[in-house]
1. Cα centroids of segment 1-71 and segment 167-237: how far apart, whole angstrom?
2. Obtain the nm distance between the two label points defined at GLN42 and GLU108 by a simple spin-label model: each point lies 7 Å from its Cα along the Cα-to-C-beta direction.
3. Take the eigenvalues of the Cα gyration tensor for the chain, scale each by 5, and report the square roots as semi-axes in whole Å, largest first.
4. Too long at a 19 Å Cα-Cα cut-off: which of LYS209/LYS231; LYS123/LYS209; LYS3/LYS46; LYS177/LYS231; LYS13/LYS207?
5. What relative contact order, as a whole-number percentage, does the chain give when Cα pairs under 8 Å and 6 or more residues apart are counted?
6. Using the charge dipole of segment 1-147 (Lys, Arg: +1 at Cβ; Asp, Glu: -1 at Cβ; taken about the Cα centre), state which of ALA64, LEU127, VAL96 has its Cα farthest towards the positive end.
7. Quote to one decimal, in nm, the extra length available between LYS157 and LEU74 on full extension: 0.36 nm per residue of separation minus the C-alpha distance between them.
8. Add -39500 (n - 2.57) for each DSSP H run of 4 or more in the chain, then divide by its residues: what number comes out at 222 nm, to the nearest 500 deg cm²/dmol?
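Coordinate-derived values only; no laboratory data. None of the values given here were measured: they were computed from a predicted structure. Positions of Cβ are backbone-derived with ideal geometry, glycine not excepted, and every protein chain shown enters the neighbour counts.
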Amino acid sequence: MEKRDELYRGKAKTVYLTDAEDKLILHFRNDTSAFDGQKIEQLERKGEVNNKFNHFIMSKLESAGIKTQVEERLSDTESLVKKLDMIPVECVVRNVAAGSLVKRLGVEEAKELTPPVFEFFLKNDALHDPMVNDYHIISFGWATEEQISKMKELTFKVNSVLKTLFAEAGMTLVDYKLEFGIDKQGDIVLGDEFTPDGCRLWDTETKKKMDKDRFRQGLGNVVETYIEVAKRLGVEL
């Protein structure tokens with residue numbers, strides 16, 4: 001597979017075209033950012049850890065019958081993925097109250113949410129990813145009602161699989177975001193990534209934060225903690 005021109009450069013990943021029209025290469029960089037890019041650092045090995053972590057999680061989801069974008073891991077920091085027409089919204093599930101939910105609603109942190117809370121956010125850095133609902137998404141043509149229903153269904157299926165996976169490794173899946181796209185067959189497919197950058201994980205016993213909040217809050221040992229999470233799950237690094 002030949003890597004060609006850069007297609008898109010995000011906060012922590014670069015997407016490259018390939019010699020196959022329907023395939024892309026994701027390059028996970030060591031860049032780490034927070035607060036809409038106001039805080040940026042290079043953290044050694046982060047790209048490698050996230051690439052291997054993402055491949056492991058997506059393989060678990062594929063085994064559970066959830067179609068994902070990932071095709072294969074090419075190197076320590078690169079993966080081959082299907083090209084998708086990405087839907088410009090994030091699907092967020094919250095199993096435990098934390099982060100922006102606590103600030104927005106004034107609820108107690110660490111409160112278990114039953115049932116889990118589902119939220120949509122528009123992917124728009126300039127607008128700070130505002131919350132939207134089904135009506136916004138349909139009215140502005142970002143997705144159809146049928147696609148929205150499928151994204152919700154898949155997001156909760158992911159929740160069922162991963163809550164169990166993390167719990168068995170002594171961790172609580174507090175919340176996370178997913179992104180979906182449409183493949184060439186017209187199917188909704190899980191895209192982007194699932195790493196500690198895009199979810200909240202707490203040690204079940206100690207409540208130690210094991211995700212990007214370590215970077216946001218200046219707690220230190222960011223990559224070391226990501227590695228601990230990976231090793232608990234059995235990811236080969």
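1. 14 Å
2. 4.6 nm
3. Working through the eigenvalues yields semi-axes of 25, 23, 18 Å.
4. Table pairs above 19 Å Cα-Cα are LYS123/LYS209; LYS3/LYS46; LYS177/LYS231; LYS13/LYS207.
5. Relative contact order, the chain: 17 percent.
6. VAL96
7. Extending this stretch completely gives an extra 27.1 nm.
8. Per the formula, -9000 deg cm²/dmol.
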